[in-house]
Each structure stands twice: as C-alpha cells, then as structure tokens.
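J.: The structure under discussion is supplied below as structure tokens; questions concerning it will follow.
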Amino acid sequence: MGSAAVAAVSAVEAQAQVGSKMRSREFLSKLEHDRIVRAIREAEANSSGEIRVFIQRGKLNADPLVTAQKKFRQLRMHQTAERNAILIFIAPRAHKFAVVGDKTIHEKCGEEFWQSIVEGMRMHFQNEKFSHALVEAIREIGTVLATHFPKTSANANELPDEIAEE
C-alpha cells in the first residue's frame, strides 16, 4: 500500500490460538453465516459505517495485519464516503486475525477501542465460539459507528454485507 493508504488505515492484529490445527473449511463450517450477516445489517442500519468480514482460506504467508490492510484496499473499503469502514480479517489456518478501521472511525474511537474488540474476539476464538466472537465484535463496532456516524436518509449501503472469502 502507498504511504497515504498506510496513514489512512489503522489496525490491530492479534493471534487467535484455537486448537492445534484449524482448517479453513472446518472454521467456515462452524460459522453461523446468517447470524453474522444479520449482525452486520443491524449494525449498519443505525449508522453510515460499513463492516465486512473476510476469511482467508489456505495458508497465510505474510503478516496478517499487512494482508488485512491490502484486502481492505482490494475490497475498496477505503473509498466509502465517510472513511468509516471496518474489516474483520480472519486467517483460521494461521490462527490469526486483524481488525482494520479506516481513518475517521479510528480518529473517533482510538486504540483502546480496537484493543477491546480484539481481546473479546480472542477470548471467544480460544473457546471456539467463532460466530459469537464475530457477532459480538460487529455489535460493539455498530454501537460506536451509530454514536459517531448516525444513519441519515442520504446514507446508502456502499459495500456488500455477505462474508467474503478467498
């Protein structure tokens, strides 16, 4: 990413130590997709913010934070009108995840907020409560988005709500 993009993207990385070997397929089979998508839609219903969940299938050969930042740009999340998009990036096989927030949401909530999201997710991942980890994080993010970026009639859903994977 270019230097402007790095400055505009704020992120937190954490390792999710889940089991000894977690295949992407196994992780995906344990996710409650409908529940997670519903949580995204509910969070976005009250704000102009955009939340995406991305699952990295297969091996992760790079730093998860760097990979998440690249995926954030590939998904065009940095192009939202208010620069308040958040990506939850998960690499189950590597047992790692990253939460990436764009410039204005990070300015509003600060580093402590991201740390609390990551710690909550880490705890649930360690207990193999994958869907709960995501739903709880999405709800907390949605609350912050609604506080700082309330929905107006002019706000459109700029990004898909479905879980993306590659």
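J.: Can you sort R139, R73 by solvent-accessible area, 1.4 Å probe, largest first?
T.: Correct descending sequence by accessible area is R139, R73.
J.: If the cut-off is a Cα-Cα distance under 20 Å, which lysines reach K103, setting aside same-chain residues fewer than 8 apart in sequence?
T.: K70, K71, K151
The values are calculated or read from the model by the stated rules, or taken from the named source; none is laboratory data. All figures in this text were calculated on a predicted structure; none of them were measured in a lab. The accessibility values were calculated without ligands, DNA or RNA, using every heavy atom of the protein model including side chains. Shrake-Rupley method; radii C 1.70, N 1.55, O 1.52, S 1.80 Å.
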